[in-house]
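Chemist: Quick one: structure below, then a few questions.
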Amino acid sequence: MRVFTDIDEWQVYRDTVQQRPLGFVPTMGALHQGHLALVDACRRQNATTVVSIFVNPAQFDDQGDLKAYPDHHEKDLKNLEDAAVDAVLLPSASQVYADNYRFRVSESEFSQQLCGAHRPGHFDGVLTVVMRLLNLVRPDNAYFGEKDYQQLQLIRDMAKAFFMPVNIVACETVREADGLAMSSRNQRLDKQQRETAAALYATLKQSRTARQARETLLEQGFQVDYVEDLADRRLAAARLGDTRLIDNVRI
Ligand code: AMP
């Protein structure tokens, strides 16, 4: 497995890749089974698998959240090596944003709703980094989790809007045994919060309406950012202490 921290060196390597299709899994590290399921799908469907680890400062509307974001590079690299990944791109923010984020991708409708209504600038940060990474990696297929459903939808829409030559592949949410969607942020929950957290998934699935789900979550001690039904999905974001959890289910 080749690991690139320097973008210039990455680009030289990228020009030598001949085994196609090339699949790409962008991540922010602190990898868990959810990420590794994306890597697995990518490995099965592509001759070359590239993973990026980049904690994208542009998508953090809360600097405390960025500072607290877990950093487990050594363990991540070991997991990726075990998963037979071909190359890892681990670039610095100063190289990814050499323009000081002067240029960005901005979406004006869906990115303002749901999570976007509570996290100003978040999705512009996401779309901008995904655009930059896709331009750097030039994959045939790129893999994203349904756990971040609004993000997935916005990335699909962006790829279409800009005629980007990439196939966006969605992967199902991977959950803990009690239903909690796996997330790097789950590590921040204390024991009691961790027990409560499982109720998010159960409540979204079992409630008859979004409104009822919101009420049940409030009773269970969540601070609810939103619960909304959108087409065939029920999406929610709710906080336990300082930890913000998101999830969505098919309805
Ligand atoms: P992140 O490192 O949180 O930016 O996530 C990187 C990718 O992994 C995104 O496409 C996420 O949607 C996906 N992902 C994160 N958690 C899960 C999960 N529990 N199940 C499936 N995909 C996930």
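The values are calculated or read from the model by the stated rules, or taken from the named source; none is laboratory data. All of these numbers come straight from a predicted model, not from anything done at the bench. Every residue, glycine among them, receives a Cβ derived from its backbone with ideal geometry; neighbour counts consider all protein chains shown. Ligands, DNA and RNA are excluded from the accessible area calculation, which covers all protein heavy atoms including side chains. Shrake-Rupley method; radii C 1.70, N 1.55, O 1.52, S 1.80 Å.
Chemist: With just the Cα atoms of the range 70-129, tell me how far they stretch along each of the three principal axes, in Å, largest first.
Modeler: Taking max minus min along each principal axis of the Cα atoms, the range 70-129 gives 41, 28, 21 Å.
Chemist: Keeping every protein chain present and rolling a 1.4 Å probe, give me the accessible area per residue for the range 184-250 in Å². Each step should come with its number before you reach the end.
Modeler: On the way: 3540 Å² over 67 residues.
That works out to 53 Å² per residue.
Chemist: Same structure, new question: Taking amide H atoms as placed 1.01 Å from N in the peptide plane, list the residues 5 or more away in sequence, or in a different chain, whose amide H sits under 5 Å from that of S183.
Modeler: Amide H neighbours of S183, under 5 Å, 5+ apart: none.
Chemist: Could I ask something else about it? Report the full-extension gain for the segment R138 to R250: residue separation times 0.36 nm, less the Cα-Cα distance, to one decimal in nm. The partial results should precede the final answer.
Modeler: Values: separation 112, 0.36 × 112 = 40.32 nm, distance 3.15 nm.
This chain segment gains 37.2 nm when fully extended.
Chemist: Can you work out ³J(HN,Hα) from phi for every residue in the range 42-48, in order, using Karplus 6.51 cos²θ - 1.76 cosθ + 1.60 and θ = phi - 60°, giving whole Hz and x for Gly and Pro?
Modeler: So the J values, rounded to whole Hz, are 5, 4, 5, 9, 9, 7, 10.
Chemist: What are the extents of the Cα atoms of the range 2-171 along their three principal axes, listed from largest to smallest and rounded to whole Å?
Modeler: Ordered largest first, the range 2-171 gives principal extents of 40, 34, 32 Å.
Chemist: Multiply the residue gap between E9 and A202 by 0.36 nm, knock off their C-alpha separation, and tell me the result in nm, one decimal place. Walk me through the numbers on the way to the answer.
Modeler: On the way: separation 193, 0.36 × 193 = 69.48 nm, distance 4.64 nm.
This chain segment gains 64.8 nm when fully extended.
Chemist: Could you work out [θ]222 nm for the chain from helices alone, using -39500 (n - 2.57) per DSSP H run of at least four and dividing by all its residues? Round to the nearest 500 deg cm²/dmol. Please report the intermediate quantities before stating the final value.
Modeler: Numbers: 10 runs with 100 residues, N = 251.
Computed ellipticity for the chain at 222 nm equals -11500 deg cm²/dmol.
Chemist: Also: Relative to the longest principal axis of the C-alpha atoms of the chain, give the angle of the C-alpha long axis of helix 210-219, reported between 0 and 90° and rounded to the nearest 10°.
Modeler: Once rounded, the angle reads 80 degrees.
Chemist: Residue separation times 0.36 nm, minus the C-alpha to C-alpha distance between Q18 and S108: what's the value? Kindly include the intermediate steps, with their values, before the conclusion.
Modeler: On the way: separation 90, 0.36 × 90 = 32.40 nm, distance 3.80 nm.
Result: 28.6 nm gained on full extension.
Chemist: What are the chymotrypsin sites (Phe, Trp or Tyr not before Pro) within the range 12-113 that DSSP puts in a loop, where the Cβ has at most 12 other Cβ atoms within 10 Å? Could you put the intermediate results ahead of the total?
Modeler: Working: sites: Y13, F24, F54, F60, Y97, Y101, F103, F110; in loops: F54, F60, Y97, Y101, F103.
Taking the range 12-113 and a limit of 12 other Cβ atoms within 10 Å, the loop chymotrypsin sites (Phe, Trp or Tyr not before Pro) found are F103.
Chemist: Follow-up question, since we're still on this one. What are the residues whose amide H is under 5 Å from the amide H of T5, where those residues sit 5 or more places off or on another chain and H is modelled from the backbone?
Modeler: L90
Chemist: How large is ³J(HN,Hα), in whole Hz, for each residue of the range 220-235 in order, when computed from phi with the Karplus curve 6.51 cos²θ - 1.76 cosθ + 1.60 and θ = phi - 60°, using x for Gly and Pro?
Modeler: With coefficients 6.51, -1.76 and 1.60, one gets 7, x, 7, 9, 9, 6, 6, 9, 9, 9, 9, 6, 9, 10, 10, 10 Hz.
Chemist: Around T173, which amide H atoms from residues at least 5 apart in sequence, or from another chain, sit under 5 Å from its own amide H, with H modelled in the peptide plane?
Modeler: Here the answer is E146, K147, since their amide H atoms fall under 5 Å of that of T173.
Chemist: Quick one: putting +1 on the C-beta of Lys and Arg, -1 on the C-beta of Asp and Glu, what dipole do you get for the range 184-250 around its Cα centre, in Debye to the nearest 20? Kindly include the intermediate steps, with their values, before the conclusion.
Modeler: Numbers: 13 positive and 10 negative charges, 31 e Å.
Approximately 160 debye in magnitude.
Chemist: Which residue fluctuates most in the GNM of the chain (Cα springs below 10 Å): N100, N79, N135?
Modeler: Most flexible of the set in this elastic network: N100.
Chemist: Using the Cα centre of the range 2-171 as origin and beta-carbon charges of +1 (Lys, Arg) and -1 (Asp, Glu), tell me which of V169, L136, V55 is placed farthest towards the positive end of the dipole.
Modeler: V169
Chemist: May I pose another question? Just to confirm a number: summing +1 for Lys and Arg and -1 for Asp and Glu over residues other than V3 whose beta-carbon lies under 12 angstrom from that of V3, what do you get?
Modeler: Numbers: positive: R2, K78; negative: D6, E9, E74, D76, E81, D86.
Here the charged neighbours net out to -4.
Chemist: To continue, here is another question. Cut-off 10 angstrom, C-alpha nodes, Gaussian network model of the chain. Which of A159, A177, A83 fluctuates the most?
Modeler: Between A159, A177, A83, it is A177 that shows the largest mean-square fluctuation.
Chemist: Would you mind telling me the share, in percent, of accessible area of the chain contributed by carbon and sulfur at probe 1.4 angstrom? Intermediate values should be presented prior to the final figure.
Modeler: Working: 5720 of 12440 Å².
The computed percentage sits at 46.
Chemist: Tell me, what HN-Hα J-couplings in whole Hz come from the Karplus equation 6.51 cos²θ - 1.76 cosθ + 1.60 at θ = phi - 60° for each residue of the range 200-208, using x for Gly and Pro?
Modeler: Using θ = phi - 60°, the values come out as 4, 5, 4, 5, 4, 6, 8, 6, 6 Hz.
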